[in-house]
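To start, the structure under review is shown below, and the notes come after it.
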Amino acid sequence: MEYQDWLELPKQTKDKNKKFITKLKNKKPKNLDDMFHEKHEEVFEDIDCLKCGNCCKTTSPIFREVDIKRIAKKLRMKEPDFIDYYLKIDGDGDYVLQEAPCAFFDEQDNTCGIYDFRPAACGEYPHTNRKNMFQILDLTLSNTEVCPAVARIVTELEKVTNMDRKLPRTRD
């Protein structure tokens, strides 16, 4: 499938994906991180983020104070000026971009003008290779609608886990 097809898939399978994520939350498989990390590695052997850029086109990372300092310095701006020009505070009290697409995103080649100085959240995106995946399953579900790689990871995990069979549970 092409990137756009993977982006369309979650729209068609939204209820199915939500049901799968809910089952993962209820079953608490002890190997959840390993399952995600394995699929993450497999999927990113085929996916080239520069052919998509949908995350930069449609969403905003959270800008932590350390990110703001680093980027403002790179841009030779005072931090308050950087904040006023590029950022706003969202409903959770976090700094995010004022609008999408990202002001640093080059739509010609899907590159980032501040790549070496980008926010940590950008470097960690789409978060499918981090520890404690159980804690971010809701975010992962949301990201299926933004990132073709996440859509593919969740779809492939659903196939291989076969949630109808017993998964190992963590000890509570």
Handout entry: Pairs, first over 12 Å from F20 (Cβ atoms) and free of Cβ contacts under 8 Å to residues at least 60 places away in the same chain in region 133-157, second part of a helix (DSSP H, G or I) and among the polar types (S, T, N, Q), C-beta under 6 Å, six or more apart
Key = V150/N143
Problem - Residue within region 76-84 that is farther than 25 Å from D109 by Cα, assigned to a helix (DSSP H, G or I), touching a residue at least 40 places away in the same chain (Cβ under 8 Å) and not hydrophobic (A, V, I, L, M, F, W, C) present - result: no
Handout entry: Subset of region 10-30 [touching a helix residue (DSSP H, G or I) at 6+ places or on another chain (Cβ under 9 Å) and either within 16 Å of T58 (Cβ to Cβ) or modelled with pLDDT under 80 (or both)]
Key = P10
Problem - Which numbered condition V146 misses (of (1) loosely packed, with under 12 Cβ neighbours inside 10 Å; (2) modelled with pLDDT under 95) - result: (1)
Fill in the blank from the handout: Of (1) buried (at least 18 other Cβ atoms within 10 Å of the Cβ); (2) out of contact with any strand residue (DSSP E or B) (no Cβ under 8 Å at 6 or more places or on another chain); (3) not charged (D, E, K, R), L97 satisfies every one except (2)
Practice task
Looking at (1) among the aliphatic types (A, V, I, L, M); (2) more than 18 Å from T58 (Cβ to Cβ); (3) surrounded by 19 or more Cβ atoms within 10 Å (Cβ to Cβ), find the lone condition where I83 falls short.
Solution key: (3)
Problem - Residue satisfying condition, being modelled with pLDDT of 95 or more, more than 20 Å from F117 (Cα to Cα) and charged (D, E, K, R), within set D33, D46, D81 - result: D33
Fill in the blank from the handout: Over region 93-139, the set of residues assigned to a loop (DSSP other than H, G, I, E, B), more than 24 Å from D48 (Cβ to Cβ) and of a type in the set (D, E, K, R) is D94, E99, K131
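The values are calculated or read from the model by the stated rules, or taken from the named source; none is laboratory data. If you're wondering where the values come from, they're calculated on a predicted model, not measured in any experiment. In this analysis, Cβ positions are derived from the backbone assuming ideal geometry, glycine residues included, and neighbour counts consider all displayed protein chains.
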